[in-house]
Amino acid sequence: MQQFPGYFLISSGKELYHIVNGGMHIADLQTAKTMNNLIQEGKHLQDFPVENKAISDEINKIKDLLMQVADDELRTLTQPLSLQITNNNVSLNTSQEMSEKQWLEQHDKPGNYLVLNGNNDETYVSFIAQRVKNSAYLKIITSGFGGHGTTDRHTISTNQTEADRFKDILMSNGVAEEKILVDPWSTNSGQNAINVAGILNDQIQAEDKVTIIIAGTPAAVFRQTYTYAKQLDIAADSYQIESFPFSEKGAYITLPDKLAILREFSTTLHYLMNTDYLPADAQLYPDSFFDSAVDTIQTMAKGLKKKDTEVIEKYQSVIDAMESISAEMISRLKNNNHTTEDKNNIRMVDQFFRGLFNPLEMTFARGSV
């Protein structure tokens, strides 16, 4: 609180409030502890940059396989999504591909908001800015103090939150300041949804026909759109939640990019089966997602089985779990009769991809802007 003055107030020693966009919103003191840890982590990284040699030695043994399996799968995660929320019930709308010009013409209306969640891809923020800077009505909400997947944690250590950094990037690319609202507070996707809801409730007019467009990183936008469909709580009986369906073609080719793609397939399935973070009805998710998830995970299992004995022995239990992620398992999921074994297997697969991907966040940032 001392390092980010003006945002925070204590009440009764238990609750932490923050002042943002003229309104006061609430969270808990555990968030303050997380913030403090991130600040210290950022300072440590400035003094002692992480070297990734030990991580690379492990990943290099299967790097070619990871790159091959993830190739061209980003198209599934960036497909246009539209979810209708009516009296807290979620339904899947039919979505269609459109050009950037057509998309802006359709979405540049009062009551429409583009939510830019915290992430490690600042060039994506600039990419979005270039496409919406001439909009007349569309507003942008930047959401994020920092956290898992933050830009690089260095910015936090110098007293600028992720959301404030994104605001600066948007403005430097021509977005008018009055179009930008800031949540400088969230440290995970659930808090993104909670705090964005507070901003929206301050902004939405009764006559507005509301659409909330979700952006984070191209790989994560699929899961984050569904996260908002489940967790966003705003004072409107009916509204739409959509994904931002564009990204720079050919840009996402590094190993961290490919691992991010693979992790999103396993994480989305894991969250769907084992948590209440996402809408639980598997019928709300397009078949193309399940088809790609099964294909990538099964192909990964086949590739691991062709590696040397050391790799096979190390990942044998993971390979077995991957082989169980099948069309039959998806059928059980859609019929809501998936088993405890199904849940445990997808959890193990997700831990495998997370174990490879998460450490790379400490060393990877997509260039400077």
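All of the numbers you see were taken from the coordinates with simple rules; none came from a lab. Being a predicted model, the structure only gives us computed values, none of them experimental. With ideal geometry, Cβ positions are generated from the backbone for all residues, glycine too; neighbour counts draw on all protein chains shown.
Let me check I've understood the local charge: for Lys258, count other residues with C-beta under 13 angstrom from its C-beta, Lys and Arg +1, Asp and Glu -1. What total comes out?
-4
Which order, highest average first, do 137-146, 79-88, 351-360 follow once you tally other Cβ atoms within 10 Å for each residue and take the mean per peptide?
Put in order of decreasing packing, that is 137-146, 351-360, 79-88.
Need the list of lysines near Lys139 for cross-linking: C-alpha distance under 30 angstrom, and skip anything on the same chain fewer than eight residues off.
Within reach: Lys101, Lys109, Lys167, Lys179, Lys209, Lys230, Lys249.
First check a/c for region 59-189, with a ≥ b ≥ c the square roots of the eigenvalues of its C-alpha gyration tensor; if it is under 1.5, answer rounded, and if not, answer prolate when a/b is larger than b/c or oblate otherwise.
Cα axes put region 59-189 in the oblate bin.
Report the residues of region 323-359 in range of a label on Asn89: point 7 Å along Cα→C-beta, backbone N strictly under 20 Å from it.
So the set is 335-336.
Full extension from Asn37 to Glu207: what is 0.36 nm times the residue separation minus their Cα-Cα distance, to one decimal in nm?
Stretched fully, the Asn37-Glu207 segment lengthens by 57.0 nm.
Among Thr268, Val210, Thr254, which residue has its Cα positioned farthest towards the positive end of the charge dipole of region 202-296, with +1 placed on the Cβ of Lys and Arg, -1 on the Cβ of Asp and Glu, and the dipole taken about the Cα centre?
Projecting each Cα onto the dipole axis, the largest value belongs to Thr254.
Just to be sure I follow: if Rg is taken over the C-alpha atoms of region 229-369 and Rh is the Kirkwood radius over the same atoms, what is Rg/Rh?
My calculation of the ratio gives 1.00.
How far is it, in nm, from the label point at Glu105 to the one at Asp276 when both lie 7 Å from their Cα along the line to the Cβ?
Going by the 7 Å Cα→Cβ label model, 4.4 nm.
Could you tell me the largest-minus-smallest coordinate of the C-alpha atoms of region 119-260 on each of the three principal axes, in descending order and whole angstroms?
The Cα atoms of region 119-260 stretch 45, 30, 29 Å along their principal axes.
How far apart, in nm, are the 7 Å Cα→Cβ label points at Ile253 and Glu328?
So the two model labels end up 4.0 nm from each other.
Using per-residue counts of other Cβ atoms within 10 Å, averaged over each peptide, order 116-128, 190-202, 274-286 from highest down.
116-128, 190-202, 274-286
At q = 0.18 Å⁻¹, what log₁₀ I(q)/I(0) does region 237-291 have when each alpha carbon counts as one equal point scatterer in the Debye sum?
For the requested q values the scattering log ratios are -0.85.
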